[in-house]
Amino acid sequence: MTRRTGLPRIAIVGGGIGGLAAAAFLRREGFDSTVYEQASRLGEVGAGLVVAPNAARQLRKLGVLDALRERAVQLDTGWEFRRWQDGTVLSAENLADACERRYGEQTYTAHRADLLRVIEALVPPENIVLGHKCVAVEPGARPRLRFADRQAVEADVVIGADGVHSVVRGALFGATPATYSGLCAFRALVPAEEAPGFARRPAQTLWIGPGHHLVHYPVSSGEQVNLVAFAPAGDYTMESWTATATVEEFLAEFAEWDGRLVDLIRAGGTPGRWALLDRAPLSHWSEGGTTLLGDAAHPMFPFFAQNDPLVANGWIYDYDPDVALGRTALA
């Protein structure tokens, strides 16, 4: 990387969506940065996600929204809640008619890899250093990063975008383990040709039932249906995007649910499974030349989406974990 005279040296720990987006926005404003990622390559890790209007606006600023739209799915319907026993629609939001009028952008669903790919394209390859696992940070006026291979670099600014197990966070505020929530998530990608028609629609659908809920929506130009479900974890504590469960374990959590949903789960093949972790909020997440971003600063459960209350199409729904997990009976 060539540094322009007088500009700070900026190091970003973590090459996920947050870390690469930070590098892209810094470059847009005329600042060079180097992203240090522990993986040997940026690959297909993860599955689907929702790109809400506020995120779409940022992607438009970066000039990559049109590129993402080539693989993303624009939603016509969002927050379509269905009853677990029979699929009765309890409520739904018409995004096709109101979303752009209210927020200036549409809402999309996408595979994480597709989103990562369009953002990565904005960062010069020489500014992304792969295979560098950060194991320690010495904060200060010029923080020093130490890596597993014993290399070390100094920077004027360090941005910790290294997730819920953030080494940067530990250096700033003390290394403490994340808290197990007692919940776990299952995920799967179903080929569109094997998914029922209701799951292929451009809709984000949430099935609500006793102690569980399940979400599905199309991704990858409608070629796949992303499926993610939440259930009590029991003694399961593994937190890893590469961990898997069996189809039978997944089905056991939803055995009494609408048969169409059971068929959808079965069509997804071997599912991923991970325990949901949490951390107590920080009063601040910057000290000196070091700051935190994303899950390193404020990890949140996937079903919290973007805010503590759920926000959909201008309406604010106060979030109640009992309702979200289906513990409250639905009329």
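For segment 56-75, what are the residues that are in contact with an Asp or Glu (Cβ under 6 Å, 6 or more places away or on another chain) and crowded, with 21+ Cβ neighbours inside 10 Å?
56 - this is the single residue of segment 56-75 that is in contact with an Asp or Glu (Cβ under 6 Å, 6 or more places away or on another chain) and crowded, with 21+ Cβ neighbours inside 10 Å.
Just one of the numbered conditions (1) part of a strand (DSSP E or B); (2) under 30 Å from residue 177 (Cβ atoms) is not true of residue 234; which one?
Looking at each condition in turn, residue 234 falls short on (1).
Given (1) at pLDDT 90 or above; (2) over 22 Å from the mean Cα position of the chain (by Cα), identify the lone condition not met by residue 272.
(2) is the only condition that residue 272 fails.
Among the residues of segment 240-250, are any within 14 Å of the chain's Cα centre (by Cα), surrounded by fewer than 19 Cβ atoms within 10 Å (Cβ to Cβ) and outside the structural domain of residue 16 (by TED's automatic domain parsing)? Outline the logic, then answer.
Residues of segment 240-250 that are within 14 Å of the chain's Cα centre (by Cα), as a first pass: 240-241.
Next cut, surrounded by fewer than 19 Cβ atoms within 10 Å (Cβ to Cβ) only: 240-241.
Imposing the further condition that a residue be outside the structural domain of residue 16 (by TED's automatic domain parsing) reduces the set to 240-241.
Yes, segment 240-250 contains at least one residue that is within 14 Å of the chain's Cα centre (by Cα), surrounded by fewer than 19 Cβ atoms within 10 Å (Cβ to Cβ) and outside the structural domain of residue 16 (by TED's automatic domain parsing).
Within segment 261-276, how many residues turn out to be out of contact with any Phe, Trp or Tyr (no Cβ under 7 Å at 6 or more places or on another chain) and either outside the structural domain of residue 224 (by TED's automatic domain parsing) or over 26 Å from residue 164 (Cβ atoms) (or both)?
Qualifying residue count for the region: 5.
Of these, 114, 97, which one is among the acidic types (Asp, Glu) and either surrounded by fewer than 18 Cβ atoms within 10 Å (Cβ to Cβ) or outside the structural domain of residue 173 (by TED's automatic domain parsing) (or both)?
Matching residue, one of 114, 97: 97.
Just for segment 164-216: of the residues that are of a type in the set (Val, Ile, Thr) and under 21 Å from residue 238 (Cα atoms), which one is surrounded by the most Cβ atoms within 10 Å (Cβ to Cβ)?
Within segment 164-216, the subset of a type in the set (Val, Ile, Thr) is 164, 167-168, 176, 179, 190, 205, 208, 215.
Imposing the further condition that a residue be under 21 Å from residue 238 (Cα atoms) reduces the set to 164, 167, 176, 179.
Values: 164: 17, 167: 22, 176: 10, 179: 12.
Selected residue: 167.
Has segment 81-89 got at least one residue that is of a type in the set (Val, Ile, Thr), surrounded by fewer than 20 Cβ atoms within 10 Å (Cβ to Cβ) and not assigned by TED's automatic domain parsing to the domain that holds residue 297? Working first, answer last.
Going through segment 81-89, the residues of a type in the set (Val, Ile, Thr) turn out to be 88-89.
Restricting the remaining residues to those that are surrounded by fewer than 20 Cβ atoms within 10 Å (Cβ to Cβ) gives 88-89.
If we keep only those that are not assigned by TED's automatic domain parsing to the domain that holds residue 297 too, we end up with 88-89.
The answer is yes, given that some residue of segment 81-89 is of a type in the set (Val, Ile, Thr), surrounded by fewer than 20 Cβ atoms within 10 Å (Cβ to Cβ) and not assigned by TED's automatic domain parsing to the domain that holds residue 297.
When you go through (1) under 30 Å from residue 153 (Cα atoms); (2) in contact with a His (Cβ under 9 Å, 6 or more places away or on another chain) one by one for residue 35, which number turns out not to apply?
Among (1) under 30 Å from residue 153 (Cα atoms); (2) in contact with a His (Cβ under 9 Å, 6 or more places away or on another chain), the lone unmet condition for residue 35 is (2).
Is there any pair linking a residue in segment 46-61 that is within 12 Å of residue 109 (Cβ to Cβ) to one that is modelled with pLDDT under 95 and among the basic types (Lys, Arg), with Cβ under 9 Å and at least six apart or on different chains, and which?
47/112; 47/187; 48/112; 48/187; 49/112
Within segment 46-108, considering only strands (runs of 3 or more DSSP E) that don't extend past its boundaries, which have at least 3 residues that are closer than 23 Å to residue 23 by Cα? Walk me through it before giving the result.
Numbers: elements: 48-51, 77-83, 89-94.
Once the strands (runs of 3 or more DSSP E) in segment 46-108 are filtered for at least 3 residues that are closer than 23 Å to residue 23 by Cα, what remains is 48-51.
Could we say that residue 257 is surrounded by 20 or more Cβ atoms within 10 Å (Cβ to Cβ), in a loop (DSSP other than H, G, I, E, B) and either outside the structural domain of residue 19 (by TED's automatic domain parsing) or modelled with pLDDT of 90 or more (or both) here?
In short, yes.
From (1) modelled with pLDDT of 50 or more; (2) on the phi > 0 side of the Ramachandran plot; (3) surrounded by fewer than 16 Cβ atoms within 10 Å (Cβ to Cβ), pick out the condition that doesn't hold for residue 280.
(2)
The values are calculated or read from the model by the stated rules, or taken from the named source; none is laboratory data. Just so it is clear, the structure is predicted and the values come from calculations on it, not from any experiment. In this analysis, Cβ positions are derived from the backbone assuming ideal geometry, glycine residues included, and neighbour counts consider all displayed protein chains.
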